[in-house]
Amino acid sequence: MSPPPITVSAEQAKQIHPELVQQLAGVINDSRVAMLTTRANDGRLLCRPLLVQQMGHDGTLSFLIDNEGELARDVRAFPAVNLVFPRSDREHFTCANGIARIDDDRRSLLEVWHAELLNWFPRGLSDPGLVVLRVRIDELSLWNGRESCVLSSVDPSPSTPRGANDGVETSQP
């Protein structure tokens, strides 16, 4: 059984830039897998595939990981991460930047758990090392052939590029 499609309510869209939420939900529905890039303690960038489990009301993405694994250690040391969402059409490319955190609350785990996850976590909910990785998306970059678009959250960092459309920057080659 697959997780349900990601949908965005009007209330969710009010929490962060509406276009960011809408675009992110569309991307996740097209590709439930995200390639998550983290920085290791030695400075190397490491990329791993993860299955998106949930998108929260604020646009935060949830994944399941092993609390004792290298990914969890990397996130604790360097919470800034990058996500790439692969698409098979070779026409659309999506990349997101955000801040990750480990959520070890068992109630959070119950919210995102479904039977298909036994393929990756055979001990299921009884696995004491299983935790939720939450990534708050601050910027979403989209490329669709000729055009590109950068959508930023309503509270971007000073280094986030801003366009004339209050958080939406588009360009053409």
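Details
- Count of residues meeting criterion [modelled with pLDDT under 85 and not in a strand (DSSP E or B)] in the stretch 80-106: 6
- Residue list for the stretch 31-43, restricted to those being buried (at least 19 other Cβ atoms within 10 Å of the Cβ) and in contact with a helix residue (DSSP H, G or I) (Cβ under 7 Å, 6 or more places away or on another chain): 38
- Output for the stretch 23-43, where each listed residue is in contact (Cβ under 8 Å) with a residue 40 or more places away in the chain and either in a helix (DSSP H, G or I) or among the β-branched types (Val, Ile, Thr) (or both): 23, 24, 27, 28, 30, 33, 37, 38
- Put simply, of 109, 46, 117 the only residue that is part of a helix (DSSP H, G or I), touching a helix residue (DSSP H, G or I) at 6+ places or on another chain (Cβ under 7 Å) and aliphatic (A, V, I, L, M) is 109.
- Residue selected from the stretch 58-71 under the condition assigned to a loop (DSSP other than H, G, I, E, B) and under 13 Å from the mean Cα position of the chain (by Cα), by the criterion surrounded by the most Cβ atoms within 10 Å (Cβ to Cβ): 59
- Residues of the stretch 72-88 satisfying the condition of being more than 20 Å from residue 142 (Cβ to Cβ) and surrounded by 21 or more Cβ atoms within 10 Å (Cβ to Cβ): 74, 75
The values are calculated or read from the model by the stated rules, or taken from the named source; none is laboratory data. Everything numeric here is computed off the predicted structure, so don't read it as measured data. Note that we place each Cβ from the backbone using ideal geometry, even for glycine, and neighbour counts take in every protein chain shown.
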